[in-house]
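Written below as structure tokens is the structure these notes are about.
The values are calculated or read from the model by the stated rules, or taken from the named source; none is laboratory data. All values reported here derive from a predicted model rather than from experimental measurement. A quick note on method: Cβ atoms are made from the backbone with ideal geometry, for glycine too, and the neighbour counts reach across all protein chains shown.
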Amino acid sequence: MKTTGLIGGTTWLSTVDYYRIINQEVNRQLGDLHSAKLLLYSIDFDEFKTLADAGDWPKLTEWFAGIAQQLQTAGADAIVLCANTLHLMVPELEQLVQIPIIHVADATVGELRSQDIRKTALLGTKFTMEAAFFKDKLSQQGIEVMIPDPDERQFIHQTIFDELDRGLLLTETKARYLAIIQNLIAKGAESVILGCTEIPLLIKSEDCTVPVFDTTLIHAKAAARFALT
């Protein structure tokens with residue numbers, strides 16, 4: 001079994017799910033008392049948010065490259081960034097570490113293609129919804145990406161940081177998210193990608209009338225598959 005290096009704490013709430021899912025998947029495959037070989041580096045999320053809000057991605061990249069290099073030195077065979085937004089830095093990080101980075105969008109694209117999805121809604125932080133790093137992976141495979149309107153993107157972004165990242169799951173926020181999703185479905189979305197690792201804490205597959213792709217679950221299962229190959 002390979003050793004997987006997790007960079008978590010973004011936030012710790014979803015990092016717990018990564019740890020649980022990877023271990024469950026390894027045990028499901030191997031049985032008995034087997035569990036995953038994991039190295040976890042968990043950051044202080046407030047430090048990350050301060051730099052991200054300031055748009056200081058060069059400093060963030062330097063910071064995360066150092067962490068990835070530590071995990072590589074410690075014996076990790078691959079890196080998993082336990083948040084969608086962090087994948088903004090992947091092209092630069094791949095130049096600075098010698099082990100693979102398991103990309104959340106690559107794993108998600110595979111799941112959408114397996115269900116022949118051609119048009120999908122994408123929810124996440126503004127970084128994820130507006131930047132190219134996730135959408136390009138989908139469009140390259142012929143999958144059209146729909147994102148919410150600007151005011152809806154701001155609402156989602158703000159509530160991720162002000163509520164979900166703090167473990168606050170409010171009924172009125174869930175209702176607004178579902179209204180946003182339904183509006184995108186009405187415009188032709190065949191599925192919805194929960195492209196932030198905290199959104200699945202609030203929105204479940206049974207809440208929606210189209211297939212829901214939980215990137216936390218998809219990414220963690222991809223990490224488990226890598227470990228077992």
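Annotations
- The requirement of being at positive phi, touching a residue at least 24 places away in the same chain (Cβ under 8 Å) and touching a strand residue (DSSP E or B) at 6+ places or on another chain (Cβ under 7 Å) is fulfilled somewhere in the stretch 188-202, by at least one residue.
- Flag if Phe213 is closer than 13 Å to Ala121 by Cα and surrounded by 15 or more Cβ atoms within 10 Å (Cβ to Cβ): yes
- Condition met for Thr11 (under 22 Å from His157 (Cα atoms), in contact with a Lys or Arg (Cβ under 9 Å, 6 or more places away or on another chain), among the polar types (S, T, N, Q) and not assigned by TED's automatic domain parsing to the domain that holds Cys196): yes
- Filtering the stretch 22-70 to residues that are closer than 17 Å to Gly8 by Cβ, among the hydrophobic types (A, V, I, L, M, F, W, C) and in a loop (DSSP other than H, G, I, E, B) leaves Ala36, Ile43.
- Of all residues in the stretch 209-228, those satisfying the criterion of being assigned to a helix (DSSP H, G or I) and either touching a Ser or Thr at 6+ places or on another chain (Cβ under 6 Å) or among the hydroxyl-bearing types (Ser, Thr, Tyr) (or both) are Thr215, Thr216, Ile218, Ala223, Ala227.
- Test: residue in the stretch 127-149 that is surrounded by fewer than 13 Cβ atoms within 10 Å (Cβ to Cβ) and under 22 Å from Tyr177 (Cα atoms): yes
- Being farther than 17 Å from Cys196 by Cα, of a type in the set (S, T, N, Q) and without any contact (Cβ under 8 Å) to a residue 12 or more places away in the chain holds for only one residue in Asn27, Asn23, and it is Asn27.
- Filtered by the rule that a residue be touching a residue at least 40 places away in the same chain (Cβ under 8 Å), over 17 Å from Leu217 (Cβ atoms) and outside any helix (DSSP H, G or I), the stretch 111-142 gives Arg118, Lys119, Ala121, Thr125, Ala131.
- Here Asp151 does not qualify as in a helix (DSSP H, G or I) and either touching a helix residue (DSSP H, G or I) at 6+ places or on another chain (Cβ under 9 Å) or among the aromatic types (Phe, Trp, Tyr) (or both).
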